[in-house]
Structures are given as C-alpha cells and as structure tokens.
Amino acid sequence: MSHTTTPAFTLTHLTPTAFDRSVPGLAALLAETVADGSSLGFVAPFDREAATAWWRTQRPAVADGTLDIWVAETPGGITGTISLAHPSKPNGRHRAEIVKLLVHRPARGQGLGRALLTTAEQSAARSGFRLLLLDTEADSAADRLYRSTGWTPYGTVPAYATDPEGELRDCTFFYKEVG
C-alpha cells in the first residue's frame, strides 16, 4: 500500500486487505455521488447497501491485480476514489481504462479530482500502459476536468446512458497517451 499526502488529504493505493476495510467508505461515497445525480452506471433508488454489494463484486479484480483502486482520505473518511481497469484482451495490453472517479460534493473544486486522475495516469505509465481511455457524461464537471487535463475527446454519443433518474444523457469518450 503506497501513500501520497497533501495538506488536505492522503491518497492510498489499496491492497486487497485495505480494499476490504475501505468498502464501507467507498459504498457511502458511491451512494452519495449517485444520489447527487452523477451518471455512473446506476439508477435510483441506489442506497449504501446496493453500493456495498457492487463494490464487493470488484474484490476479485482487486485481488488478481486487474483493477487498481486509490482512495483519498481526510480525517472524516474517504473523500474520493479512482480506479484503473487493466485490459483482458491480449491485443489491448498497452491500454487501460479510468473508471469511477468520484469526489464527495463538499470536496469538489479543491483539486482532489485532478490529484486522483494524475495519480492513476502516473501509475498507468509506470505499469507500461501507453494509452488510457474513459467516458463521462457530456458537458459535466467531469467532462471539463478531463478536457482541462489534456484528455482528447474522440466522440460523443447522444442518449448513451441514463442518469440516476432515468433521463437519457449524452456521453463523451476520451483518450490520453501516457508513458
């Protein structure tokens, strides 16, 4: 488990054991982020119990090293997270996907999302990945973050997914070359 500390939070790469301890905090963050309207693949109602169950399904990938998860913690608990999904196809071993960048609403706008993203990008490059991919709701705060940190949009699909309330939203797909 590696740590990076800033004045406001500590970033930690989760080992399988640390992941197990972090599931309650990750679930609270996910449930609150979905309740705030973020389009993360879940629809309302989506509570902590459902979020806990979803995070627990990620345990095998954390254990076998195909999913890296970092958390940002303050004295009050987990404030943010980001994950890096490793490829499963042999012809895609040079690329990985950024998934589930989440920041608690009170912590937004303070550089935490950018710090989490930079941490995942640097780790991906050190691991030999050359290309990163992600997708997000078009014209969202996350969309603006990715554009401002050098990610290249390569397409927007109209009505790609629903938000938690079931309203169809456009989705923009991004890539970034690293390493």
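Laid out as a table, the results:
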| item | result |
| --- | --- |
| Those residues of region 110-134 which are modelled with pLDDT under 95 and out of contact with any strand residue (DSSP E or B) (no Cβ under 9 Å at 6 or more places or on another chain), in sequence order | Gly111 |
| Among the candidates Ala27, Ala50, residue that is in contact with a Lys or Arg (Cβ under 7 Å, 6 or more places away or on another chain), free of Cβ contacts under 8 Å to residues at least 40 places away in the same chain and surrounded by fewer than 22 Cβ atoms within 10 Å (Cβ to Cβ) | Ala27 |
| Matching option when the condition is among the charged types (D, E, K, R) and surrounded by 15 or more Cβ atoms within 10 Å (Cβ to Cβ), among Arg108, Arg147, Arg126, Arg130 | Arg108 |
| Residues satisfying the stated conditions in region 114-161, i.e. closer than 18 Å to Leu102 by Cα, free of Cβ contacts under 8 Å to residues at least 24 places away in the same chain and of a type in the set (Val, Ile, Thr) | none |
| Residue list for region 29-67, filter: under 20 Å from Ala161 (Cβ atoms) and of a type in the set (Val, Ile, Thr) | Thr33, Val34, Val43, Thr57 |
| Subset of region 22-62 (residues that are over 18 Å from Ile98 (Cβ atoms) and hydroxyl-bearing (Ser, Thr, Tyr)) | Ser22, Thr52, Thr57 |
| Residue, farthest from the chain's Cα centre (by Cα), within region 60-79, restricted to residues that are of a type outside the set (Val, Ile, Thr) and within 19 Å of Asp135 (Cβ to Cβ) | Ala61 |
| Matching option when the condition is closer than 23 Å to Arg59 by Cα and at pLDDT below 95, among Pro75, Pro106, Pro164, Pro90 | Pro90 |
| Conditions (1) under 13 Å from the mean Cα position of the chain (by Cα); (2) more than 15 Å from Val62 (Cβ to Cβ); (3) modelled with pLDDT of 95 or more; number of the one not met by Leu84 | (2) |
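The values are calculated or read from the model by the stated rules, or taken from the named source; none is laboratory data. Given the structure is predicted, the values throughout are model-derived calculations rather than measurements. All Cβ positions, glycine included, derive from the backbone under ideal geometry; neighbour counts span all protein chains shown.
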